Each structure stands twice: as C-alpha cells, then as structure tokens.
Amino acid sequence: METDRYNAIIVGAGPAGSAAAIRLAQNDLSVALIERGERPGTKTMFGGSIYVEPTSRVIPEFWKDAPLERPLVTDEFWLLDRDSAVKVGFTGLKYKRSPYNKFSALRSKFDPWFAQQAVNEGAHLMTSTLVTDLVYEKTGLLSKKVAGVKLDSGEVIHADVVLLAEGASANLTEKAGLRGEIEKSSMFLYAKEELALPAEKIEARFNLEPDEGTNVGMIGYPTSGVAGKGGLWTNKESISLIVGGYLNQIIKKGVNPYQMISRFKAHPLVSRLIKGAETVAYKSRIIPKGGYESLPQLYDDGILVAGDAAVMISGRRGTDLAMLTGLYAADIIAQARAAEDHTSRILKGYEKKVMNSFFMKNIKKGKGGHKYQKEHPDTDYLLTKAANDAAYKFFKVGSKSSSEKMKKIRKEILDMQPVKKTVKDLYYALQDWSVF
Amino acid sequence: MPNFLKNNQSPLEYVTIKVDDQSHINIKDQKKCLNQCENKPCTYYCPTRVFSWDEQSNKIRVDYSRCIECLACPFGCPLNNIDWNFPRGSYGVIYQPNGQ
C-alpha cells in the first residue's frame with residue numbers, strides 16, 4: 001500500500017528534482033518525485049555538458065555508472081563569420097582521467113538514470129503524472145501553508161513540503177505567487193539537432209582519441225543576427241548541435257529556430273564536421289536568461305523552488321546549478337523535518353544558502369552582461385565581423401611591412417566602432433560563455 | 001501548413017509525439033489576433049510551426065499535435081493571448097534515448 005502522505009513532494013524529475021530526491025531519501029525522508037513525462041528526460045534538452053564537480057556532490061564517482069558520452073578534453077570558442085572563424089581554445093588531456101572535468105551527455109539518457117538513483121535510495125517516482133495545482137492548509141486565521149499537490153487525475157497527495165523543480169515555464173511557481181511575469185527579453189529559445197555519426201568519423205574530424213570529446217561554443221554567424229549562441233558537442237556516436245538566442249530578438253528579426261539551425265548546419269566550417277551525419281532528433285526549449293533581476297522568491301510556507309524554475313542560470317551553467325539548488329533545498333527540508341516546522345521560518349534558510357553560494361556571486365556579476373547584450377544586440381555580430389576581418393588581413397601574406405599591415409587593421413577596426421566598445425563587446429561575450 | 005525550408009524538410013520527422021485527443025494550446029481571443037496583432041510572430045518563432053494564419057476564417061489555426069513543448073509561445077506572444085498548458089501526463093513529445 002502506498003502512503004498518500006509524504007515528507008516531501010518534488011515536482012519534476014530533472015537535475016534539480018532528482019538531486020533533491022536522492023539527498024532526501026538518503027536522509028530517510030519519504031519522497032514523491034513526480035514527472036509528467038512517461039520517463040524522465042523525455043520532455044527536455046540541453047547542449048550539453050554534465051559538470052563533474054557539482055554532480056559528484058550528489059553521487060560521488062557517478063561517471064563509473066552514469067550514461068555519459070565523452071569526457072571533454074577540448075573547449076573551443078569560435079567567432080564565426082561567413083567563411084572564416086577566429087578560434088580560441090584549450091585542450092587538456094588530464095581531463096580525460098579521473099576526476100575529469102566535464103562530460104558530453106544527452107538528457108534523454110542521463111535523466112532516467114539520475115532519477116533511478118533516487119528510486120534506489122527509496123524515493124517514489126511517479127511518471128506520466130502532471131501536477132495541476134498546489135493544495136493549501138490553514139495555519140491560522142489569515143495564514144496558510146502549502147500542504148500538497150493536485151494531480152491531473154484529480155487525486156490529491158499531501159506532504160509537509162513541496163519542492164518545485166518544474167523547469168523554465170514555472171507555472172506552479174507563478175501560481176504560488178513567488179514569481180511575477182517574465183519578459184521575453186529575458187528568455188532564450190534554443191533549437192537542437194542530434195546527428196548520428198560513427199565514432200571513428202567523429203574522432204578523425206575532431207582529432208580525438210576514442211575516450212576524448214570536444215565542445216565548441218560559437219557566436220556570430222550561427223544566430224542569424226540574433227544575439228545568441230551556437231554550440232557543438234561530440235557524443236559517443238553523434239554530434240549535438242544547438243543554436244539559440246533571445247526570444248524577443250528572434251521575434252523582431254522574423255526568424256524561425258529550425259531555419260536558424262538549418263542555416264548553421266550549412267555553414268562551410270560546420271557542414272564539413274557533420275557531413276554524412278544523419279539527423280536523429282530535433283529538440284527545442286526555452287531557458288530563462290534573466291539572471292539576478294528576475295530571480296523569484298525562493299520559498300514560502302511549505303514550499304521551495306529550485307533549478308530553472310528559480311532562474312538558476314549563470315553563463316552556460318544551468319544543469320549543475322539545478323543540482324546544487326536541489327541539494328540545498330533537500331538540506332533545508334531535512335532541517336525543517338527535524339525542527340518539525342515547515343514554515344518560512346526554517347525554509348528561508350534555503351534562500352540564504354543560495355544567495356551566499358559561489359554561483360550567486362557569478363549571477364550577480366553577470367547582471368551587467370545581460371543588460372549589456374540587451375542594450376547592444378549587435379555586439380556579437382560586430383565583434384565577429386571585426387575579429388574575422390582583422391584576422392584575414394593579419395594572416396594574409398602580402399607585400400606590406402608588418403607595421404603597415406597592423407596600422408591598416410587598426411584603422412579598419414576603429415572605423416567600424418570605437419575601440420572601447422569592441423573591447424567591451426569581447427569582454428561580455430567571453431564572460432557570457434565562460435564557465436565562471 | 002507552411003514549409004520551413006525550400007526543400008520541404010520538416011523537423012517533425014525527427015520527433016515522436018503522443019497526441020492527446022484534446023488540445024493543450026488555445027488562443028484566448030481570436031479577435032485580438034485579427035485586429036491588434038500586426039506580424040503574428042507565433043506563426044514563425046514556434047520551432048515546429050504549431051500556429052498558422054487561416055485566411056478563410058481570419059483566425060490563428062492551432063495544430064497542437066505538432067507541439068514539442070519548448071514553452072516559448074506564451075512568452076513570445078505580444079498580446080499575451082496564448083493559453084498554453086502542459087499536455088496531460090504521458091501525452092505530448094517523447095524525446096527518445098537514441099534519437100527519433
């Protein structure tokens with residue numbers, strides 16, 4: 001017989017929800033982990049990388065068991081123009097050995113495994129189940145507390161506390177009054193294709209050994225004039241290709257995400273990497289890019305919010321921040337259980353923990369960056385153009401003296417826009433892409 | 001339904017969707033689309049083209065069976081006129097572990 005009352009209900013079996021469920025079940029709390037898909041990972045996507053350090057905090061040495069693709073040894077950043085690219089990169093072979101750094105992965109494989117770890121610890125995973133509403137109980141004349149959830153079957157299940165890890169759209173978070181309306185200038189829309197290619201071809205094209213992978217981030221050409229990003233990851237036997245940008249700019253420029261990715265695939269420096277590869281999946285997803293200004297309230301009586309629903313995004317980090325906020329939430333829930341108090345009095349400790357975390361410092365720091373790109377949507381385009389034009393001249397073998405050549409390059413960059421802006425553009429572009 | 005690319009390729013070939021018999025997407029007020037919305041951006045920013053303009057009825061046609069739940073449409077609509085809900089449990093897009 002299933003009990004219909006839990007210590008905690010978690011909405012969403014993604015990285016945040018499953019991480020929290022694992023930790024809570026380890027602490028012997030009864031947990032319901034509710035997922036609307038028929039299996040975790042069937043409704044979502046990322047680029048993507050799984051970062052080792054944060055994930056190890058949930059499951060030490062997870063790489064021994066988890067369905068991962070390749071340990072990433074190479075990280076490149078391309079400023080991609082029409083028929084050229086300025087490339088910055090690093091290859092570190094230490095990253096192919098324990099303790100590694102990051103792995104390429106596919107969420108449709110990783111998420112089911114991650115949720116299964118919660119089940120192994122004793123959590124109750126309910127799939128094909130949509131949570132439609134929160135259920136409250138009165139705690140005083142005017143006060144109330146979240147006491148459970150209502151399912152699409154009409155059934156109600158109760159818990160001391162509900163953790164919302166429902167992803168970017170965050171309907172329940174909004175219903176709970178924790179989040180106001182989000183503007184479309186704070187949303188990124190990504191499209192992705194997964195392209196099947198034999199391992200030997202991937203290794204030959206990217207100069208890799210069988211146990212090595214590469215990740216390339218790109219700006220400029222891929223986004224069709226929208227401020228955004230392109231990216232490429234090598235998996236075991238496929239390549240993940242993503243492109244995306246600010247939703248308001250996609251709308252303004254009149255582009256379609258599928259056309260964006262088709263155009264990206266046709267780029268001469270990209271098409272040679274995916275030549276002969278067969279598209280096996282097309283996916284799309286929004287991600288809140290809002291940063292510090294659009295953080296919701298993270299708690300209320302009987303309720304907490306984690307992951308994308310809580311806008312825990314910093315640069316290209318999201319999956320790991322979801323796991324970490326899931327862990328923090330689990331710790332506070334365990335504490336609330338010990339104190340037998342599931343009101344804000346204890347739960348506010350979660351917000352404190354999140355606000356004092358290393359990544360919140362990054363999110364705060366990124367505040368300016370986000371605003372900068374909002375105000376200067378042409379940043380990526382101008383930067384890419386300037387860098388590629390200059391590089392074409394720099395590497396050109398001709399009859400000019402090198403000082404003449406540099407003078408000419410300098411002049412052309414200055415003609416395009418003030419140099420101070422170019423430096424700023426570069427600074428924010430790198431900051432937006434960087435791991436920290 | 002308009003095509004995405006000149007060669008008629010459609011991304012829906014690479015997606016598995018379990019279609020419910022009821023729509024999870026509705027236009028709140030069709031008159032707003034007709035009278036107040038100039039560009040009808042939902043007809044192009046949706047990554048699987050769920051929305052199209054029907055010249056005959058002067059309405060936005062919603063083909064919810066194409067939806068892959070990217071969640072963009074309610075945020076992108078300039079008039080906040082799209083009522084998007086999650087499909088019922090197990091229905092909707094099913095991303096497979098090995099593509100498709």
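Selection over the stretch A:239-282 of residues that are in a strand (DSSP E or B), within 20 Å of the chain's Cα centre (by Cα) and closer than 14 Å to A:Lys192 by Cα gives a count of 9. If you go through the stretch A:145-174 and pick out every residue that is among the small types (Gly, Ala, Ser), away from every other protein chain (no Cβ under 14 Å) and touching an Asp or Glu at 6+ places or on another chain (Cβ under 7 Å), you end up with 1. Cβ separations smaller than 9 Å between residues 6+ apart or across chains give the following pairs from the stretch A:257-270 residues that are in contact (Cβ under 8 Å) with a residue 40 or more places away in the chain and in the same structural domain as A:Met218 (by TED's automatic domain parsing) to residues that are assigned to a helix (DSSP H, G or I) and of a type in the set (S, T, N, Q): A:Met260/A:Thr223; A:Phe264/A:Thr223; A:Lys265/A:Ser271. Of the residues making up the stretch A:151-178, those that are part of a loop (DSSP other than H, G, I, E, B) and either at pLDDT 95 or above or farther than 26 Å from A:Lys252 by Cα (or both) number 9. Give the stretch A:196-237 a look and list any residue that's among the basic types (Lys, Arg) and not in a loop (DSSP other than H, G, I, E, B), or say none. Result: A:Lys201, A:Arg205, A:Lys229. Scanning the stretch B:51-79 for residues being within 11 Å of chain A (Cβ to nearest Cβ) and touching a residue at least 12 places away in the same chain (Cβ under 8 Å) gives a total of 10.
Counting residues in the stretch A:275-282 that are surrounded by fewer than 19 Cβ atoms within 10 Å (Cβ to Cβ), among the acidic types (Asp, Glu) and closer than 28 Å to B:Glu13 by Cβ gives one or more. Of the candidates A:Leu24, A:Leu72, A:Leu33, A:Leu79, the single residue that is closer than 30 Å to A:Gly230 by Cβ and buried (at least 24 other Cβ atoms within 10 Å of the Cβ) is A:Leu72. Any residue at all in the stretch A:224-243 that's small (Gly, Ala, Ser), away from chain B (no Cβ under 11 Å) and over 24 Å from B:Pro11 (Cα atoms)? Scanning the stretch A:224-243 turns up no residue that is small (Gly, Ala, Ser), away from chain B (no Cβ under 11 Å) and over 24 Å from B:Pro11 (Cα atoms).
Yes/no matrix, rows are residues, columns are (1) part of a loop (DSSP other than H, G, I, E, B); (2) at pLDDT 80 or above; (3) more than 23 Å from A:Met218 (Cβ to Cβ); (4) not assigned by TED's automatic domain parsing to the domain that holds A:Gly245:
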| site | (1), (2), (3), (4) |
| --- | --- |
| A:Leu383 | no, yes, no, yes |
| A:Ala386 | no, yes, no, yes |
| A:Asp389 | no, yes, no, yes |
| A:Phe394 | no, yes, no, yes |
| A:Gly398 | yes, no, yes, yes |
| A:Ser403 | no, yes, yes, yes |
| A:Lys407 | no, yes, yes, yes |
| A:Arg410 | no, no, yes, yes |
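Tell me, please, whether a residue that is over 20 Å from A:Thr132 (Cα atoms), more than 14 Å from chain B (Cβ to nearest Cβ) and small (Gly, Ala, Ser) can be found in the stretch A:27-40. Checked the stretch A:27-40: at least one residue is over 20 Å from A:Thr132 (Cα atoms), more than 14 Å from chain B (Cβ to nearest Cβ) and small (Gly, Ala, Ser).
Flag set for A:Arg39, criterion: in contact (Cβ under 8 Å) with a residue 60 or more places away in the chain, within 19 Å of A:Leu151 (Cα to Cα) and surrounded by fewer than 23 Cβ atoms within 10 Å (Cβ to Cβ). So for the stretch B:88-98 (the condition being at the interface with another protein chain (Cβ under 7 Å from one of its Cβ atoms), out of contact with any helix residue (DSSP H, G or I) (no Cβ under 8 Å at 6 or more places or on another chain) and basic (Lys, Arg)), does at least one residue qualify? The answer is yes, given that some residue of the stretch B:88-98 is at the interface with another protein chain (Cβ under 7 Å from one of its Cβ atoms), out of contact with any helix residue (DSSP H, G or I) (no Cβ under 8 Å at 6 or more places or on another chain) and basic (Lys, Arg).
Quick check on the stretch A:127-144: of everything there that is crowded, with 18+ Cβ neighbours inside 10 Å and hydrophobic (A, V, I, L, M, F, W, C), which residue is nearest to the other protein chains (Cβ to nearest Cβ)? So, considering only residues that are crowded, with 18+ Cβ neighbours inside 10 Å and hydrophobic (A, V, I, L, M, F, W, C), the one nearest to the other protein chains (Cβ to nearest Cβ) is A:Leu130.
Looking at A:Ala334, A:Ala390, A:Ala386, just one residue is under 30 Å from A:Val58 (Cα atoms), of a type in the set (A, V, I, L, M, F, W, C) and crowded, with 17+ Cβ neighbours inside 10 Å, and that residue is A:Ala334.
Do we have A:Glu155 as over 26 Å from the mean Cα position of the chain (by Cα) and either in the same structural domain as A:Leu208 (by TED's automatic domain parsing) or under 30 Å from A:Gln335 (Cα atoms) (or both) here?
yes
If we keep just the residues of the stretch B:80-96 that are free of Cβ contacts under 8 Å to residues at least 60 places away in the same chain and in contact with an Asp or Glu (Cβ under 8 Å, 6 or more places away or on another chain), which is nearest to A:Leu33 (Cα to Cα)? For the stretch B:80-96, the residue satisfying everything is B:Gly89.
The selection criterion, being within 12 Å of chain B (Cβ to nearest Cβ), in a strand (DSSP E or B), in contact (Cβ under 8 Å) with a residue 60 or more places away in the chain and charged (D, E, K, R), holds for A:Glu193. A:Tyr299 meets each of the listed conditions (1) touching a helix residue (DSSP H, G or I) at 6+ places or on another chain (Cβ under 7 Å); (2) within 30 Å of A:Leu197 (Cβ to Cβ) apart from (2). The criterion of at least 2 residues that are surrounded by fewer than 19 Cβ atoms within 10 Å (Cβ to Cβ), of a type outside the set (D, E, K, R) and modelled with pLDDT under 95 is met by none of the strands (runs of 3 or more DSSP E) wholly inside the stretch B:5-100. Of all residues in the stretch A:1-45, those being over 24 Å from A:Gly154 (Cβ atoms) and assigned to a strand (DSSP E or B) number 0. Per the conditions (1) closer than 19 Å to A:Phe206 by Cα; (2) surrounded by fewer than 22 Cβ atoms within 10 Å (Cβ to Cβ); (3) not aromatic (Phe, Trp, Tyr), the sole criterion not satisfied by A:Ser98 is (1).
Taking first residues from the stretch A:145-158 that are crowded, with 22+ Cβ neighbours inside 10 Å and partners that are among the polar types (S, T, N, Q), no Cβ contact under 7 Å between residues at least 6 apart in sequence or on separate chains turns up. Checking the stated criteria, A:Ala66 turns out not to satisfy the condition of being aliphatic (A, V, I, L, M), touching a residue at least 60 places away in the same chain (Cβ under 8 Å) and touching a strand residue (DSSP E or B) at 6+ places or on another chain (Cβ under 9 Å).
The values are calculated or read from the model by the stated rules, or taken from the named source; none is laboratory data. Please read these numbers as outputs of a predicted model, since none were measured by experiment. For neighbour counting, all protein chains shown are included, and Cβ atoms are generated from backbone atoms with ideal geometry for every residue, glycine included.
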